[in-house]
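First comes the structure, then the notes that go with it.
The values are calculated or read from the model by the stated rules, or taken from the named source; none is laboratory data. Since this is a predicted model, take the numbers as computed values, not measurements. Using ideal geometry, Cβ is built from the backbone for each residue, glycine included, and neighbour counts are taken over all protein chains shown. These accessible areas exclude ligands, DNA and RNA; they are computed on the full protein's heavy atoms, side chains included. Shrake-Rupley method; radii C 1.70, N 1.55, O 1.52, S 1.80 Å.
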Amino acid sequence: QVQLVESGGGLVQPGGSLRLSCAASGSIFRLYIMGWYRQAPPGNQRELVAHITDGGITNYAYSVKGRFTISRDNAKNTMYLQMNNLKPEDTAVYYCNVENRAVPVLPGRHYWGQGTQVTVSS
């Protein structure tokens with residue numbers, strides 16, 4: 001089992017910034033991909049915001065390109081999402097997701113964090 005703890009959400013005005021963190025612990029083999037998803041409103045499908053491989057390859061949703069930056073510290077099993085120039089439409093619950101590979105070349109199990117609320121409003 002892998003446990004994920006997210007932090008850094010909150011209320012921010014449009015144009016402001018927030019930094020989310022996701023720390024993984026437990027039975028970690030290889031955290032091949034770490035990613036952020038968001039869901040708004042509750043019940044809607046979660047959408048990918050960004051993900052990053054353990055080799056540093058990144059992918060972003062079109063809506064956040066140029067505003068959000070994903071990064072990770074492999075030594076600390078921690079991932080970050082720097083969110084700048086936030087817009088009201090970024091309001092959502094943000095979830096951390098990781099793929100833990102026991103065998104490097106085979107797909108691993110995915111784990112989800114509990115979610116952290118980001119609200120962008122004046």
Two pseudo-spin positions, 7 Å from Cα along C-beta at Arg109 and at Gln82, lie apart in nanometres by 3.4 nm
Please calculate the 1.4 Å probe accessible area of Arg67, with all protein chains present, and give it to the nearest 10 Å².
20 Å²
Could you look at the chain and say what percent of its accessible area is carbon and sulfur, using a 1.4 Å probe and all protein chains?
51 percent
Accessible area in the full protein assembly, largest first, 1.4 Å probe, for Glu47, Glu89:
Glu89, Glu47
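Can you tell me the alpha carbon radius of gyration of the chain divided by the globular rule-of-thumb value 2.2 N^0.38 Å?
Numbers: Rg = 14.0 Å, N = 122, 2.2 N^0.38 = 13.7 Å.
Rounded to two decimals, the normalised Rg is 1.03.
For Ile70, Ile33, write out the residues from largest to smallest accessible area, computed with a 1.4 angstrom probe and no ligands counted.
Listed by decreasing accessible area, they come as Ile33, Ile70.
How large is the accessible surface per residue of the chain, computed with a 1.4 Å probe and reported in Å² as a whole number?
Working: 6400 Å² over 122 residues.
Computed with neighbouring chains in place, this is 52 Å² per residue.
With charges set only on the Cβ (+1 for Lys and Arg, -1 for Asp and Glu), what does the dipole of region 1-97 come to about its Cα centre, in debye to the nearest 20? Let's see the in-between values first.
Working: 9 positive and 6 negative charges, 21 e Å.
So the dipole magnitude of region 1-97 works out to roughly 100 debye.
Quick check: with the 1.4 Å probe, what order do His51, His110 take by accessible area, largest first?
Working: His51 45, His110 100 Å².
The most accessible residue leads, giving His110, His51.
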